[in-house]
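Remarks on the structure that follows.
The values are calculated or read from the model by the stated rules, or taken from the named source; none is laboratory data. Only a predicted model underlies this, so the values are computations on that prediction, with no experimental measurement involved. With ideal geometry, Cβ positions are generated from the backbone for all residues, glycine too; neighbour counts draw on all protein chains shown.
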Amino acid sequence: MSDHAWLEHAAPYALGALDENERASFEAHLSTCDVCTAEVRELRNVAGLLATAAPDVAPPPRLRERILADARAVRPISTTPTDASAATTSPAREHRGVSRFPSGRGALIPWLAAAAAVAFAAYFGQQYRGERHQRLAAQQALASARAAIDSTTTAVARRDSVIALLTAPDVQTVTVSGSGPSPSARYFLDRRASRIVIAANSLPPAASGRTYQLWGIQTGRAPVSLGTFNTDSSGRALTTLPIPVGLRIAVTAVTDEPSGGSSQPTTTPFLAATWKSE
Amino acid sequence: MSIHPAGVQSREAALVAQVADGDERALGELYDRCGGMAFSLAFAIVGEHADAEEVVADAFAQIWRSASGFDPARGSVVAWLGTIVRTRALDLVRSRKRRARVLEEAAVVTDAGETLVLAPTAESPDRGAEVTEASALVRKSLAELPPPQRRVIELAYFGGLSQSEISALLSEPLGTVKTRMRAGMEKLRQALRPLLEAGA
Ligand SMILES: [Zn+2]
């Protein structure tokens, strides 16, 4: 089994992280390999548990009623095990029927073997076979959309928020902008891990021999340097900086300083954010 | 597999079976048990309450329509629900990419200076004690991963990024990202074994 190279694809596949071409070939392999199928199933369950790691955010009370009201308006599609094979062989039913897959290996019917790759994806993704075509089209659209991800400021902030949010259950965020359309920044303050992330946008790179410096200010005290950073040619920066032990940050702000940074701010602070106490 | 003791899992699986039969009360109870998790997951991905609400409402509508497609032998209710929520949340994020910049700039103005505290809510009654316990183990296991391994897993699961995208984002070689992802998932599998063994 250790020389079964396909198994290396199981973890990224379970996380939905295989690149398109690898995913397609691995799914084809899955349709014929019980070893990889079992591996994927278990790792899917591992990945599935990650759902419970998201920081707790309470849903609005109205959501429950909305879901039940929506449900009352639509009857669920009910299929019984005995008509499952009919559902899988009748295209007309596929659109409204729900795909149901035998779970035991012995129950693997020929149709399923042929369609296992699709079936597997459908089970964990969309349960409607009729939606599969839409989904494929959507995925193609997504592929091109994703190519553009890197160029959007949102993506940087969102990806960072993903990292930061998951770092601790009590990360605070503040989004600030200067006067006018730019620059702006989103801060992620993780007091427990003693670090702060700044995702800056539309901030021109500091001039030659200059740098940006981030300051943390504790109420009634002098600013403390959190570190320096600079933006790229597109005006973005994504920087994680440690917070000195014992510093209780009430305000963060950025200044333009000589390379290497200053011991105290020498220019007017901007992108200032205020923080709630712990 | 189970989110925890077999009894809890079977209760959730039983609810899904009742939902498949059109039992609205079962849908309500399923929401009571899993709605908090679903919303938290959606929020972690989409980053705003209104969108997270849409995602969860859509996810439960899908469950209502297609609960009979759930097969407990293939995974837990939580894994199934989590996948539905995550898929919809990521689709929403991607579909809004074009609008995103505009929205982001609007948000910058309206949010200016405003502090959003993402502190854990008081343990919501939505969550059964067992789910909470499982969640604690998952968070602990994730926290104990070497940060580089943890980061690639989080970017894949919550960020919806492929290995190549993660490689580009972190400026790490693709091979390194692949190795870290595999190693991290293997560690998680070992650490979460107690949760995985309860079912299937
Ligand atoms: Zn294989």
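Couple of notes before you dig in:
- Where a residue in the range A:28-57 is in the same structural domain as A:Ala11 (by TED's automatic domain parsing) and its partner, wherever it lies, is within 16 Å of the ligand (Cβ to nearest atom) and not in a helix (DSSP H, G or I), with Cβ under 7 Å and at least six apart: A:Val35/A:Met1; A:Val35/A:His4
- Condition broken by A:Gly16, with the remaining ones in (1) away from the ligand (no atom under 16 Å from the Cβ); (2) at negative phi satisfied: (2)
- Each residue in the range B:166-200 was checked for being over 18 Å from A:Glu8 (Cβ atoms) and at the interface with another protein chain (Cβ under 7 Å from one of its Cβ atoms), and 5 pass.
- Taken over the range B:160-191, the criterion of being in contact (Cβ under 8 Å) with a residue 40 or more places away in the chain and in a loop (DSSP other than H, G, I, E, B) is satisfied by B:Gly160 alone.
- Test for B:Ala73: is it without any contact (Cβ under 8 Å) to a residue 40 or more places away in the chain and either in contact with a Cys (Cβ under 7 Å, 6 or more places away or on another chain) or surrounded by fewer than 24 Cβ atoms within 10 Å (Cβ to Cβ) (or both): no
- Flag for A:Thr274 being under 25 Å from A:Arg192 (Cα atoms) and in contact (Cβ under 8 Å) with a residue 60 or more places away in the chain: yes
- Residues of the range A:35-75 classified as more than 7 Å from chain B (Cβ to nearest Cβ) and within 16 Å of the ligand (Cβ to nearest atom), total: 6
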